[in-house]
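Scroll down for the structure; my scribbles are underneath it.
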Amino acid sequence: MTLPEATYQLDDAVWSRVLTQEMASQLQGQSLVFLAGDMAGHTHQIPLLVTAFETQGRTAPGMAAFRLNFQGPAAPVLPSQTYRARHADWGDFAIMVSATGADAQGVYYEAHFSHAL
């Protein structure tokens, strides 16, 4: 897959892509690069390591729900929002992450997913 130039901008192509539960279940131990913009409009690439995949308990019929946990560098801390996240083989996805804590190893994040099957 040829990836487009790295930009933090979210577009229709990224919004329409679905990170499926099957795909997410294969991500533990891999990094996704989250693309963030600064005040000057520059794109910064922040790698987040997927540390856990967890399916969510009960869901409505025909729905999938799961969570990914990430570990990132101590700085910069990503504010809770939706980012363009890039997988080296699968391309770009829109993923909303929220910081859940930090320690000497870095900052921890989680992302919750729910979509129709």
Fraction of accessible area attributable to carbon and sulfur, the chain (%, probe 1.4 Å): 53
Phe53 paired with Gln28, simple spin-label distance in nm, labels 7 Å along Cα-to-beta-carbon: 0.9
Formal net charge of residues neighbouring Gln9 (Cβ-Cβ distance under 14 Å; K, R +1; D, E -1): -3
Point-to-point label distance, Thr100-Ala88, nm (Cα→Cβ direction, 7 Å offset): 2.5
Label-point separation in nm, Val18 to Met63, each point 7 Å along Cα→Cβ: 1.4
Sparse-neighbour loop sites [trypsin sites (Lys or Arg not before Pro); region 15-117; at most 15 other C-beta within 10 Å; DSSP]: Arg17, Arg58
Under 19 Å from the Glu5 label point (7 Å along Cα→beta-carbon), backbone N, region 35-66: 35-46
Packing-based order for 24-31, 98-105, using average beta carbon neighbours within 10 Å, highest first: 24-31, 98-105
Net charge contributed by nearby residues that have their C-beta within less than 13 Å of Ala64 (K/R +1, D/E -1): 0
MRE, 222 nm, helices only [DSSP H, n ≥ 4, -39500 (n - 2.57), over the chain, to nearest 500]: -1000 deg cm²/dmol
J(HN,Hα) series, region 59-70, from Karplus relation 6.51 cos²θ - 1.76 cosθ + 1.60, nearest Hz, glycine and proline x: 10, 5, x, x, 10, 10, 9, 7, 9, 10, 10, 10
For a label point 7 Å along the Cα-to-beta-carbon line of Ala116, residues of region 1-43 with backbone N under 20 Å: 12-23
Within-14-Å neighbourhood charge of Ser25 [Cβ basis; K, R +1; D, E -1]: -1
Share of alpha-carbon pairs per 10 Å distance bin for the chain, given as whole %: 13, 46, 33, 7, 0
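The values are calculated or read from the model by the stated rules, or taken from the named source; none is laboratory data. Everything quoted here is computed from the prediction, not taken from an experiment. Please note: Cβ atoms are built from the backbone with ideal geometry, for glycine as well, and neighbour counts cover all protein chains shown. Heads up: the accessible areas ignore ligands, DNA and RNA and are worked out on the full protein's heavy atoms, side chains in. Shrake-Rupley method; radii C 1.70, N 1.55, O 1.52, S 1.80 Å.
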